[in-house]
1. I'm trying to understand the selection: among the residues of segment 228-259, which are closer than 30 Å to S148 by Cα, hydrophobic (A, V, I, L, M, F, W, C) and buried (at least 17 other Cβ atoms within 10 Å of the Cβ)?
2. Could you tell me which residue of segment 260-277 is modelled with the lowest pLDDT, considering only residues that are more than 20 Å from S202 (Cβ to Cβ) and surrounded by 14 or more Cβ atoms within 10 Å (Cβ to Cβ)?
3. Any chance you could count how many residues in segment 181-191 are surrounded by 14 or more Cβ atoms within 10 Å (Cβ to Cβ) and either of a type in the set (G, A, S) or modelled with pLDDT under 95 (or both)?
4. Can you run down the residue pairs with Cβ atoms below 6 Å, 6 or more apart or on separate chains, where the first is in segment 193-208 and surrounded by 16 or more Cβ atoms within 10 Å (Cβ to Cβ) and the partner is assigned to a strand (DSSP E or B) and of a type in the set (S, T, N, Q)?
5. Just to be sure I understand the filter: pairs with C-beta atoms under 7 Å, separated by 6 or more residues or on different chains, first member in segment 40-69 and closer than 16 Å to D82 by Cβ, second member surrounded by 12 or more Cβ atoms within 10 Å (Cβ to Cβ) and among the acidic types (D, E). Which pairs pass?
6. In the list G253, G238, which residue meets the criterion of being over 37 Å from the mean Cα position of the chain (by Cα) and either outside any strand (DSSP E or B) or closer than 25 Å to G163 by Cβ (or both)?
7. G233 is checked against (1) among the small types (G, A, S); (2) on the phi > 0 side of the Ramachandran plot; (3) touching a residue at least 24 places away in the same chain (Cβ under 8 Å) and fails just one. What number does that condition carry?
8. Could you say whether any residue in segment 123-140 is in contact with a Leu (Cβ under 9 Å, 6 or more places away or on another chain), under 23 Å from Y276 (Cα atoms) and modelled with pLDDT of 95 or more?
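The values are calculated or read from the model by the stated rules, or taken from the named source; none is laboratory data. Nothing here was measured: the structure is a model prediction, and the numbers come from that model. Virtual Cβ from ideal backbone geometry, glycine too; neighbours counted across all protein chains shown.
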Amino acid sequence: MKRFVLVVPVVLSAWACDRSPSRVEFELPGYVLSSHELPLNPRVSTQGGDLLADARPTFAVTPPGLAVVTSSAGLRCLDSGDGVLSVTVGPVTHTEPLRCRLVETLRVPKALRLIIPNAPVVAEVSARDVRGDVLQDVPLTLTSSNPSIFRVDSGTLTPVSVGTANLLVSAGDRTSTTPVTVVRKLQSHPLLLNDGSRVSWSLNQGHYEIEAQVRSSSGNMNGITLEWVGGSGCQDVGEAQTLRSQCTIENMGSVIIKNPTTFGLGPSLNGVVALYETP
């Protein structure tokens, strides 16, 4: 009678009983943006893929002052900078680059004004550390509180319709808000007024703003005046070379810009004027 030795099952059984660590992993984002404790969730497994729940890995940070790892396997960044985080279990070691970027403040505009149909505007925002230095590589998240007023695409703000909304900027656990006003440009062209002449625009019901800037042909401080007709809460402006004024037209109205007369002997005024629909 022939006898057979079952070699393969014995080998497989020995392999399956091997509880030596063969692989160690942990969770680390590309950038750590706050000093709050971040769970690393280390996972130690055997060559066969079995998790070793009772394994006790040890961590090391280089350079030491950049961050610490707590007894519960949580990472806390102490400063901004680059280093290496390594974890060791028995003979197995795994390392990952550590990028600590502690965001202390977000620098954002106090307010923004977008004009339809002008080109989109790049938002000038930045993340700063405790020393006030710009953290160049920190990813910033920009969102619009109302995309029907303006939308955000890759840090660029595009006006959609007249109104007000907020730009929300966040990085790590820091958040900042900037009010955004969207207006529509109705008129924009050169302005030339001889002595005593005027120019006017008829307006339907709505909210308006006008801007104008002129200079005198004589080089003196002669300016223009502005008058709203048919509105409320309007800001009539006395003689000036630069003006900005707002008004709410209740039904129908107009706005008038004059070069005050000096008996036909005054200087001409030339410049630019722009009229906007506002929220």
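1. Passing the criteria: C234, C247, I249, V255.
2. First pass over segment 260-277, keeping only residues more than 20 Å from S202 (Cβ to Cβ): 260-272.
Subset that is surrounded by 14 or more Cβ atoms within 10 Å (Cβ to Cβ): 260, 266-271.
On the way: P260: 89, G266: 79, P267: 88, S268: 91, L269: 92, N270: 93, G271: 94.
Step by step, filter segment 260-277, then rank; the result is G266.
3. We begin by selecting, within segment 181-191, every residue surrounded by 14 or more Cβ atoms within 10 Å (Cβ to Cβ); these are 181-184, 186, 191.
From what is left, the residues that are either of a type in the set (G, A, S) or modelled with pLDDT under 95 (or both) are 191.
Total meeting the criteria: 1.
4. L203/S254; H207/T248
5. Correct list of pairs: G65/D79; L66/D79.
6. Exactly one residue qualifies, and that residue is G253.
7. All conditions are met except number (3).
8. no
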